[in-house]
Amino acid sequence: MAAFFLWCILFVLCWPIALFALVIYPLVWLLTLPLRIFGIAVHGVLSLISALFFLPVRLLRGPRAI
């Protein structure tokens with residue numbers, strides 16, 4: 001909602017830049033989509049490695065630590 005209000009203010013102050021931002025935003029979103037998907041995959045792999053690394057510690061603590 002804040003982004004919309006900022007865009008409205010920009011539209012009032014300088015409408016060509018606001019319209020350019022409105023057109024370019026979907027293109028930037030599409031260009032960064034593969035990077036976000038890659039980041040999610042890397043986060044998942046690092047979480048898996050962390051879980052495997054800490055598994056012996058969790059097993060040695062026993063069931064009362066849950």
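From the phi of every residue in region 46-54, what ³J(HN,Hα) in whole Hz does the Karplus formula 6.51 cos²θ - 1.76 cosθ + 1.60 yield, where θ is phi - 60° and glycine or proline is x?
So the Karplus estimates, Gly and Pro as x, are 5, 5, 5, 5, 5, 5, 5, 5, 8 Hz.
In whole Hz and in residue order, list the ³J(HN,Hα) couplings for region 31-41 that follow from phi through the Karplus curve 6.51 cos²θ - 1.76 cosθ + 1.60, θ = phi - 60°; x for Gly and Pro.
In residue order, the calculated couplings are 6, 8, 4, x, 5, 5, 5, 4, x, 5, 5 Hz.
Summing -39500 (n - 2.57) over the DSSP H runs of n ≥ 4 in the chain and dividing by its residue number, what mean residue ellipticity at 222 nm do you reach, to the nearest 500 deg cm²/dmol?
On the way: 2 runs with 59 residues, N = 66.
Helix contribution divided over all residues of the chain: -32000 deg cm²/dmol.
As I understand it, the value is the acute angle between the Cα axis of helix 2-13 and the longest principal axis of the Cα atoms of the chain; what does it come to in degrees, rounded to 10?
20 degrees
I want to verify a result. In a Gaussian network model of the chain, Cα cutoff 10 Å, which of these has the top mean-square fluctuation: P26, P56, P34?
Checking each option, the largest mean-square fluctuation is seen for P56.
For P(r) over Cα pairs in 5 Å bins from 0, in percent, pick the label among (1) 3, 15, 13, 16, 15, 12, 10, 7, 5, 3, 1, 0; (2) 4, 17, 26, 25, 20, 7, 1; (3) 3, 14, 11, 11, 10, 9, 8, 7, 7, 8, 6, 4, 2 that corresponds to the value derived from the coordinates.
Answer by label: (3).
Values quoted throughout were computed directly from the atomic coordinates according to the rules given, and no laboratory measurement underlies them. Here the structure is a predicted model, which is why all the values come from computation and not from measurement.
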